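The values are calculated or read from the model by the stated rules, or taken from the named source; none is laboratory data. Nothing here was measured: the structure is a model prediction, and the numbers come from that model. We place every Cβ from the backbone using ideal geometry, glycine too, and count neighbours over all the protein chains shown. Ligands, DNA and RNA are excluded from the accessible area calculation, which covers all protein heavy atoms including side chains. Shrake-Rupley method; radii C 1.70, N 1.55, O 1.52, S 1.80 Å.
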Amino acid sequence: NKEDLIVHLYIPLCDNEHQGIVPTSKSLGDGMSIRTNLYWATSGGTKAYFKKLPDWKLRYDELDIDSNVLERMVFEKEFEGQKVYLIADAYRGDRMEETINNYLSAISGAHKDSILLNNNTTIVAAGNADMVMFNGHNGMMDAIHVQDWPNVDGKQKDIVMNACVSYGYLQNEFMKAGGYPLVRTNTLLYPGAYVLDQIIKDWVNGVDEKQLCLNAGRTYCQKHDCGAGTKVYKTGW
């Protein structure tokens, strides 16, 4: 029916000090730096990657949304007459627990939001989104507390967790929240924004779930040495 589609993306910035990752350089692993962070400002980072794509238009850019989110950006793309909005939130790297709990609260519908864009268009966000994504270090490998987020709006959302070996993590939490795991990972990986772009494109176009994961894996393996990418991503439970 060509209604607008909303994707909300949660990104805990790469953080050498506060995340259980293999440390990278000081600037890339500075979880407070939106100028240099590996997951935000580099060629494969969400902000830098989507800003350079001509078919994704920047419609909103705001700093310090709250005590957790250092920057929020909204991009718009048109797919054959249908608008898709991508909301990308860059969380402080030391706020992994808050990132994952906000991710789950959006899936459950407990937290709903809206955003007034620069062109005076208002779009929905968080629990009002159609797909909810997580992109970054798998914080569930660390010692964090995840709250219980039962579904409150009776809606099922497609979800993506582009993080190291995310398949199997948050299984019960996703079920309670009402999220369907469209894409999770089988391997250790770098959470590059190019994979998110491919997933969104296939999701909008109604590509079969298994083919969507295969396409995501192939996109990843164009950047990394991992063959055809058949085992990188997995759909379903």
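General remarks:
- Centroid-to-centroid separation of segment 161-237 and segment 125-148 [C-alpha atoms, Å]: 15
- Ranked order, VAL132, VAL204 - accessible area, probe 1.4 Å, largest first: VAL204, VAL132
- Stokes-Einstein D for segment 179-237, Kirkwood Rh over Cα pairs, 37 °C, 0.692 mPa s (µm²/s): 291
- Cα-based Rg / Dmax (Å) for segment 90-140: 12.3, 38
- Cα→Cβ-extended label distance, 7 Å offset, between LYS83 and SER43, nm: 3.3
- Members of LYS83/LYS201; LYS57/LYS157; LYS2/LYS155; LYS47/LYS201; LYS157/LYS234; LYS47/LYS210 lying beyond 21 Å, as alpha-carbon distances in this model show: LYS57/LYS157; LYS47/LYS210
- Rounded to 5, the percent of DSSP beta bridges in the chain classed as antiparallel: 50
- Surface calculation, 1.4 Å probe, protein heavy atoms: MET141 sits at approximately 80 Å² accessible.
- THR99 contributes about 0 Å² of solvent-accessible surface, heavy atoms of the protein only, 1.4 Å probe.
- Segment 1-74, accessible surface, carbon-and-sulfur percent (1.4 angstrom probe): 50
- Taking all pairs of distinct alpha-carbon atoms in segment 26-141, Kirkwood radius in angstrom: 14.9
- Heavy-atom accessible area ranking, 1.4 Å probe, most first, across ARG95, ARG35: ARG35, ARG95
- Carbon and sulfur %, accessible surface of segment 136-237 computed with the full protein complex present, 1.4 Å: 49
- At the residue level, THR230 shows approximately 90 square angstrom of accessible surface with a 1.4 angstrom probe and all protein chains present.
- Label-to-label distance, nm, for residues given as SER27 and LYS176 (7 Å Cα→Cβ offset): 4.3
- Whether segment 162-206 is rounded, prolate or oblate, judged on the alpha carbon gyration tensor where a/c under 1.5 counts as rounded: oblate
- Descending semi-axes in Å of the chain, equivalent ellipsoid built from Cα gyration tensor: 22, 21, 20
- In plain terms, if you count all Cα to Cα distances in segment 107-212 and split them into 10 Å steps from zero, the share in each step is 14, 40, 37, 9, 0 percent.
- In plain terms, the chain from ASP208 to ASP142 could stretch by 20.5 nm, reckoned as 0.36 nm per residue minus the Cα-Cα distance.
- Principal axes of segment 1-84: Cα extent on each, largest first, Å: 46, 26, 20
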